[in-house]
Amino acid sequence: VELVMRLSQATVARLPANVSRPRYDRQSVRIGVVHLGIGAFHRAHQAVFFERALAAGDMRWGITGVSLRSPDVRDRLAPQDGLYTVRVCDGNVDTIECIGAIREVLVAPEAPQLVVARLADPATHIVTLTVTEKGYHLDPVTGGLNFGDPAIVADLASPDRPATAAGLLVAGLAARRDAGLGPFTTISCDNLPGNGERLKASVIAMASNRDLALANWIKTEAAFPNTMVDRMVPATNASEYSRVAEALGLDDRGTLRTEPFLQWIVEDTFSGETPDFTSIGVQLCSDVTQWEEAKLRLLNGAHSAIAYLGGSAGFAFVHDAVANSPIRNFVETLWDEVIPTLSLPEKFDAVGYRNQLLKRFENATLRHATAQIAQDGSQKIPRRLFAPLAQRLSAGQSITALSMTVAGWMRWLDGCDDHGAYHIIMDPLAAEFAERRAGRPEQMVDFMLSTPGLFPLALATDERLRSNLIAAYDSLVTNGVIGALDRLQSYDANSEIQY
Ligand code: CS2
């Protein structure tokens, strides 16, 4: 057995010549960014931008990554001095980059005070977040911080040992204010409409509970720009490590793969220093709402449709699902339905955007698992599909494709695909969903419509939505996914239900 050395500062020079790597002096990097929720997405997205700033000689932008839950990422990256490789898969050739921007990884439950100290450090100017939709603990009805959520209750009770993102931000901002420092800029990078605004409102709500003057200071001094983030980053499978070790000649337990596409649009309101964002490829704008909505409804909405319908048809990967023409045609139909609900950004080329999305979905070397995207549907579906659904319902327009997508999610929640293969439901409401008993389509739909915290009242009580969902779900169960989608082929966005 040949012993492969671990990637680290001591071995990084051994990487093959075609792998790019930090050429700057990592010792002189300062920590200017604290990132909450250090999963694969951060490491393939924001970290890549800060790496560019470091490569250009601006040494302020090293990162402290924080895990809010498990020590897994820390345990992978600590022995590697924070180094890891990103494999950019374009469908043919892979390009590999080694990233050096992460200086340390902290595990918040082990050392919340250390995280707060980093947040309060005068050199920290930016806090980025990828804590997933559920990490915001928002009330599904009001969209504000959910004060009934046990994690929020706990943080309010012991503000010195915060465990949630909002709790950590409040503690960090309070410490800065006490020290006479200005606030950092907080940049939410999750797929939530109005992500910055919502986070700001939550942080202020939590701070008010502790100190009104603090809440007021945050309100007037701290910037929480809204953002749109985009890059597909599949979860790394255990089987990849040995293949990567072979290609690199070094063992990298932090490796990940992604697509070439990379986009970050940030509203240009900051409280503190920033890198020269434009020169590192970040787009700045005064209002990101339209971009965010277009991306969330078109990319993520289609992704969810592909995950639930494709997954229930037995396709393990996005590229396999979109190679199937009923699924691909369905995605186009869904977009036909969604696009009229958007107020599109100026210069937005909808046809070009759709074609580009299909190309990205077709990327066969990316191997993006439908089961990964299918996770947390109760958090994702409402944010991706409910606004277009409500808009079309109130305009009296057809909702065939949107209903079919929601029905596809219900079909996925049955836990078994069209070939009889079982899958596990990963969702904060998994326990509630497990209460569903197989029954007639109307019982299944009524169960969903009446699950607390899922459908807002206006949708839950809409008869047209209910009958569309029943017909769509019935067709999926009776005809199988492909059969059901085949029947939709003759449908166009202006005709009535034809399941
Ligand atoms: C995906 C997103 O897993 C999911 O829910 O839809 O993570 C998607 O890949 C990214 O938002 C792309 O930017």
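Taking all protein chains as present, what is the carbon and sulfur share of the accessible area of the chain, in % to the nearest whole number, probe 1.4 Å? The partial results should precede the final answer.
Numbers: 10180 of 19870 Å².
Carbon and sulfur: 51 percent of the exposed surface of the chain.
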Fill in the blank from the handout: For Cys285, other-chain or 5+-apart residues with amide H closer than 5 Å (H placed, Pro excluded) are Val266, Glu267, Asp268
Practice task
Could you please state, rounded to a whole Å, how far the C-alpha centre of segment 414-458 is from the C-alpha centre of segment 41-70?
Solution key: 38 Å
Handout entry: Restricting segment 424-461 to GluC sites (Glu not before Pro) in coil, as DSSP defines it, with at most 16 other Cβ within 10 Å
Key = Glu435
Fill in the blank from the handout: Both in Å, the radius of gyration and Dmax of the C-alpha trace of the chain are 23.0, 68
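Between rounded, prolate and oblate, where does segment 1-76 land on the alpha carbon gyration tensor, with a ≥ b ≥ c its root eigenvalues, rounded for a/c under 1.5, else prolate if a/b exceeds b/c? Could you put the intermediate results ahead of the total?
On the way: a/c = 1.98, a/b = 1.13, b/c = 1.76.
Because a/c hits 1.5 or more and a/b fails to exceed b/c, segment 1-76 counts as oblate.
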Fill in the blank from the handout: Between the alpha carbon centres of segment 149-180 and segment 224-246 the gap in Å comes to 29 Å
Exercise for the section: Per DSSP H run of at least 4 residues, take -39500 (n - 2.57); add these up for the chain, divide by its residues and hand me the 222 nm value, nearest 500 deg cm²/dmol. Expected result: -11500 deg cm²/dmol
Completion exercise
The set of residues whose placed amide H lies less than 5 Å from the amide H of Thr128, leaving out same-chain residues fewer than 5 positions away, is Val34, His35, Leu36, Ile187
Exercise for the section: Go through segment 284-297 residue by residue and turn each phi into a ³J(HN,Hα) via Karplus (6.51, -1.76, 1.60, θ = phi - 60°); whole Hz please, and just put x for glycine and proline. Expected result: 9, 8, 8, 8, 8, 3, 5, 5, 4, 5, 4, 5, 5, 7
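Per residue, how large is the accessible surface of segment 1-130? Use a 1.4 angstrom probe and give square angstrom. Don't jump to the answer; show the numbers that get you there.
Details: 5310 Å² over 130 residues.
About 41 Å² of surface per residue is accessible.
Would you work out if segment 434-491 is rounded, prolate or oblate? Take a ≥ b ≥ c from the square roots of the eigenvalues of the alpha-carbon gyration tensor; rounded if a/c is under 1.5, else prolate when a/b is larger than b/c, oblate otherwise. Intermediate values should be presented prior to the final figure.
Numbers: a/c = 2.73, a/b = 1.52, b/c = 1.80.
Judged from the Cα gyration tensor, segment 434-491 comes out oblate (a/c at least 1.5, b/c at or above a/b).
The values are calculated or read from the model by the stated rules, or taken from the named source; none is laboratory data. Please read these numbers as outputs of a predicted model, since none were measured by experiment. Note: ideal-geometry Cβ built from the backbone for every residue, glycine included; neighbour counts use all protein chains shown. Quick note on the areas: whole protein, heavy atoms, side chains included, nothing else; ligands and nucleic acids left out. Shrake-Rupley method; radii C 1.70, N 1.55, O 1.52, S 1.80 Å.
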